[in-house]
Structures are given as C-alpha cells and as structure tokens.
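The values are calculated or read from the model by the stated rules, or taken from the named source; none is laboratory data. Model, not experiment: these values are computed from the prediction. Positions of Cβ are backbone-derived with ideal geometry, glycine not excepted, and every protein chain shown enters the neighbour counts.
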Amino acid sequence: MGINIAIDGPAGAGKSTVAKAVSRELGYIYVDTGALYRTIGLYMTENGVDVESESELAQALDRIEVNLEYVEGKQHVILNGEDVEGRIRTAQAGNMASIVSAKPPVREKLLDLQRDIARENDIVMDGRDIGTNILPNADVKIYLTASVAERARRRALEFEAKGEACDIEVVEREIAERDHRDMTRDIAPLRCAEDAFVVDSSDMDIDETVGTILQIIYDKTGAGA
Ligand code: DC
C-alpha cells in the first residue's frame, strides 16, 4: 500500500504545476487524472463519436484501451498503443474532457486504472474527485482553489507564452462554465472532501503554494521529516 496524496480543485488553480513539484520533492509518482479524461475526449472528437448517444458512447468506450506509462518520471497516456501526450493539452481537449467526464460509463472505465496505480505506488494524484471518490482513504487530501479572475489571468499568460492570442473575458467565461459543469454533474462532481485541507492560491505564487502543501503533508504523515 503506497502513500496517497490527493489534490483536487477547479480548472486553472495550478494543480498540475503544484502537484508535479510536490511529487518531485517527495520522490512520489505524479498522476494527472485530467489527462485520462482528455484522452477519452480526444478519441471521441477524432472519431466523430456522438457522446450524447448512449449506445455510440458505449461502443466507442469498448474500442478504447487507456494506459499510463512513466518515462523518466514523466507521465504519458497511451491510447490504443499510441502515446497521445502531445495532443491532449489544447483548450478544446480540456472542454471535451469536461463533457465526457460527466458520463458515468467514462468514469467507470477509468476508475480501476486510477485505484490500481494508487494501491501499488506512493503517488500525488490530481483531479476533481480523487479525495471524494477515487481515493476516499487518501493519507492527505488537498483542495487547491483560486478565484476565477486569477485563474483566468494565469491561463491567459500561458496562452501568451505559447504565442497564442486570447481574450481574457472569453477565458474567464470558459473557466466559469467548466467549473459549473464539473461542480453540478450528477456523478462524482467536483467538491471539497470533508477531511480536505483547503489551500487558496489566489494570492500565493507557486513556491508558496508548494511550500504550504508540503508542510501540510509533513505535519499529517511525517513524510520527509
Ligand atoms: O485537470 P484537467 O483540466 O486536465 O481536466 C480536464 C477535465 O477532465 C475537467 O474539466 C473535468 C475532468 N476531470 C474529471 O472529471 N475528474 C478528474 N479526476 C480529472 C479531470
């Protein structure tokens, strides 16, 4: 049984950056579960699957095999034998991931993969329902959040860094829409677990956020002490 750290929170709160840094510091494997939903979303988009049709969705899921591989500590999602890491990081894949992730058969399909990796390894796993649903007995649960305005500002900076134009108001609206969809879906909605530590990073930089979370983990588990 590995040590399991769950980090949940809304889109753009900095979960992946922070979870990566925390896992590196602890020497644990970082598991980015959003990448799994993005991969399913990518398959549905590329194959023109109507995800609102229960039968089409079920048939498509039967044709999909998703695995995780780690190369020099970096996660790669393998879709039917192909590494799709380079294709799942677009805003479109993120929105599609949010849509397919509300479908119960999609969540069902990804459940064991996530639990198996957590059972066998020391991990920092980030997502939306890790503390509430996937790993209810995680050793430490963090709910990492930030204001919508601050998350939109950070996303816009990321687009800028990639040389992509963006309208901050559109980014803010998309984030608010994604929050709403992720928080109000019937199955495993995004919410803060009762026993989670809430970290609001609106006024913290990455180092401060990582330091705050590491301190919580040290206090709770004695890891790194
Ligand atoms: O963290 P991300 O932006 O890569 O996630 C993309 C979408 O996937 C997110 O909007 C909701 C969904 N998701 C989920 O439902 N459960 C998770 N554990 C992780 C992501």
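At a glance:
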| quantity | calculated |
| --- | --- |
| The range 113-137, residues that are within 13 Å of the ligand (Cβ to nearest atom), under 20 Å from Leu26 (Cβ atoms) and in a loop (DSSP other than H, G, I, E, B) | Leu135 |
| Count of residues meeting criterion [within 16 Å of the ligand (Cβ to nearest atom), of a type outside the set (Phe, Trp, Tyr) and within 14 Å of Glu82 (Cα to Cα)] in the range 36-71 | 7 |
| Count - residues of the range 141-154 that are assigned to a helix (DSSP H, G or I) and within 21 Å of Val22 (Cα to Cα) | 2 |
| Of the criteria (1) modelled with pLDDT under 95; (2) within 16 Å of the ligand (Cβ to nearest atom), which one Ala196 fails | (1) |
| Matching residues, the range 118-166, being modelled with pLDDT of 90 or more, exposed (fewer than 15 other Cβ atoms within 10 Å of the Cβ) and more than 23 Å from Asp205 (Cα to Cα) | Arg119, Glu120, Pro136, Asn137 |
| Residues within the range 175-191 that are more than 9 Å from the ligand (Cβ to nearest atom) and either assigned to a helix (DSSP H, G or I) or under 15 Å from the mean Cα position of the chain (by Cα) (or both), tallied | 7 |
| Out of Val210, Val198, sole residue that is buried (at least 19 other Cβ atoms within 10 Å of the Cβ) and over 19 Å from Ala97 (Cα atoms) | Val210 |
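So that you can scan it fast, the table gives a plain yes or no per residue for (1) surrounded by 15 or more Cβ atoms within 10 Å (Cβ to Cβ); (2) among the small types (Gly, Ala, Ser):
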{"position": "Tyr30", "(1), (2)": "yes, no"}
{"position": "Ile40", "(1), (2)": "yes, no"}
{"position": "Tyr43", "(1), (2)": "yes, no"}
{"position": "Glu46", "(1), (2)": "no, no"}
{"position": "Ser55", "(1), (2)": "no, yes"}
{"position": "Asn67", "(1), (2)": "no, no"}
{"position": "Lys103", "(1), (2)": "yes, no"}
